[in-house]
Each structure stands twice: as C-alpha cells, then as structure tokens.
Amino acid sequence: MDASYNKNVFINCPFNEGYDPIFYAIVFAVADCGFTPRCALEMGDSGHNRFDNIKRLIEESKFGVHDISRTELDNNDLPRFNMPLELGVFIGARKFGSSLHKKKKILILDTHKYRYQKFMSDIAGQDIRSHANQASQAITCIRDFLNDFAGQKTIPGGKNVNNRYEQFQQALPGLCHKVKMQVEEKTYNDYCRFVFEWMKGAD
Amino acid sequence: MPATQKKPVTRNLTQAEIDEPPEELWTRVIQEPVGKGTIPIAEIRRAVREVKKEMRDAEKSGIPLKWLKKK
C-alpha cells in the first residue's frame, strides 16, 4: 500500500450546491490539519465507474469522514442513500479487510447527534458528531477527530482553523479572478490547488 | 476493474516523502487529474502571492479590494 494511506481522508458527502459551504469547509479543514482530502470529485468526469472509483478511494484511505446529514426524502419521497452505502463499504473494509484496513478510523457527521437512530440505528457506537449544518462546526469536528491521529503534532484548535478558513474564503474570489475563473466555475481540483498553495504561506 | 479503466500508477514513498507537507503528497497521489483543473500550478502560485500581498496592502491602507468578499 502506498505510504500516503496514513494521511488520506476519504470524504463521503453529498455533492450539491446546498451542501457546498460545509463540503468546502471540510476539505479545507482536512488539508489544514496536515492530512490529504480524497473524494470522488477528484476524478472529475472521467467516465470511470463511479462506485469503482469510490471503492478505490476507500482502499487508499485510512480515515473516513462520512456526512449522513442529507439522508432525507427527495422529491420522489425516497431517501438519498449514497452516503450510508459508502459508509457501509468503509465499515466493511475495516471489519473484513487486511490488518491495515482494520485500523481505519471513521468520523460520522450529521445535523444532530442522535438523528441516525431514526434511520440507521445499527451504527450506534461509532464516532458520531453533529455539525448542525454549520460549516464552522464541521471544521471543529474534523479538527478534533484528526487531532487524535496527528502523531506528535498538535493541531491548533477549531477556532484557529476556522479563522484561517475565513481568511481563505475572503481570498478565494481574488484567487479565481487572477486565473481568469469565476468562483462558481471552480472544480474540486481547482479548489484543492488553491488551498494547498495558500497554505504554503508564500508571500 | 473494467478493461477500459487504466489502473492508477502507485509506488511506495520514501520516509522523506512521507514527512513532506500534504500538498506535495496530494499532487503525487492524484496522478490522473482529468477534471477541468488545467491551470498551470505556477499561475496559481503567482495568484496566491499577489492576492496575499494585495490583502496585506488593503489592510494597511484601509482601502477595500474590489474582489474582497464582504463579511
């Protein structure tokens, strides 16, 4: 297994405009904590089988952040269940995988800490935290989760990470403008490049 | 894996590489970026440098930047 495994954080969350503020905050927080965000969007529209890609990401990631907050009825009165499905694959990998995969770490995010009991009670006992639909709270959840696995480093507190995220958010329109791109046009990969270059602290 | 799907190229990293900042690792592990992110990394680095400087200057002068997102 590639050594990057121990730094890879698989982000399992919805991809839609309404969730974007939380999603981009999570990606920033993972990177800011010294880990590597991985999610299905990094493959762009490659045309590869999406679920195959997701399984590969799970295989390559020690950590999994699973946001089940959008498990709710859609216009067809059916629940969106991709996130719980991918969470199940991740838990399965930890249970039945090799010794490497048995050490996988899981963080489950939801709007409310005990909402899962109404639709997925079997996941009781996992690390489930509430972000209350707030990007700032999601950042703190990510920081607190990853801080336990940061080795000898201590990651600055959630408030500090939030301050840096706020500063980056203020800069993002300028960064996009400089490379002739509208903020809403940026792809996930664009965003990650901006984040990582921003963190390098080049003046 | 479907025959049309190219197996990602992976290799073991050295300890020095493991200790690298994550952004370097990220550019290495994402070996098949096929999204729209085709802006040269040098251009992004330049943009970051310029924006950071403009933000610092704006803070000193008190003149808000046109692109600066209002709080």
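Among the residues examined, A:Arg129 qualifies as basic (Lys, Arg) and within 19 Å of A:His66 (Cα to Cα). Could you list, in sequence order, the residues of segment A:148-183 that are under 15 Å from B:Ala42 (Cα atoms) and either assigned to a loop (DSSP other than H, G, I, E, B) or in contact with a Pro (Cβ under 6 Å, 6 or more places away or on another chain) (or both)? If the condition is that a residue be under 15 Å from B:Ala42 (Cα atoms) and either assigned to a loop (DSSP other than H, G, I, E, B) or in contact with a Pro (Cβ under 6 Å, 6 or more places away or on another chain) (or both), then A:Val179, A:Lys180 are the ones that fit. The condition of being out of contact with any Pro (no Cβ under 8 Å at 6 or more places or on another chain) and either within 30 Å of B:Arg46 (Cβ to Cβ) or surrounded by 15 or more Cβ atoms within 10 Å (Cβ to Cβ) (or both) holds for only one of A:Lys186, A:Lys103, that being A:Lys186. Here A:Gly47 fulfils each of the conditions (1) small (Gly, Ala, Ser); (2) part of a loop (DSSP other than H, G, I, E, B); (3) at pLDDT 85 or above; (4) surrounded by fewer than 18 Cβ atoms within 10 Å (Cβ to Cβ) apart from (3).
Taking the criterion of being part of a helix (DSSP H, G or I), more than 16 Å from A:Tyr19 (Cα to Cα) and free of Cβ contacts under 8 Å to residues at least 12 places away in the same chain, the residues of segment A:118-147 that qualify are A:Lys118, A:Ser121, A:Asp122. Taken together, A:Leu87, A:Leu109 contain a single residue that is surrounded by 13 or more Cβ atoms within 10 Å (Cβ to Cβ), in contact with a Gly (Cβ under 8 Å, 6 or more places away or on another chain) and closer than 24 Å to A:Gly18 by Cα, which is A:Leu87. Scanning segment A:110-156 for residues that are under 17 Å from the mean Cα position of the chain (by Cα), among the polar types (S, T, N, Q) and under 21 Å from A:Ala31 (Cα atoms) returns A:Ser130, A:Asn133, A:Gln134, A:Ser136, A:Gln137, A:Thr140, A:Asn147.
The values are calculated or read from the model by the stated rules, or taken from the named source; none is laboratory data. Everything numeric in this text was worked out from a predicted model, so none of it was measured. Ideal geometry is used to build each Cβ from the backbone, glycine not excepted, and the neighbour counts take in all protein chains shown.
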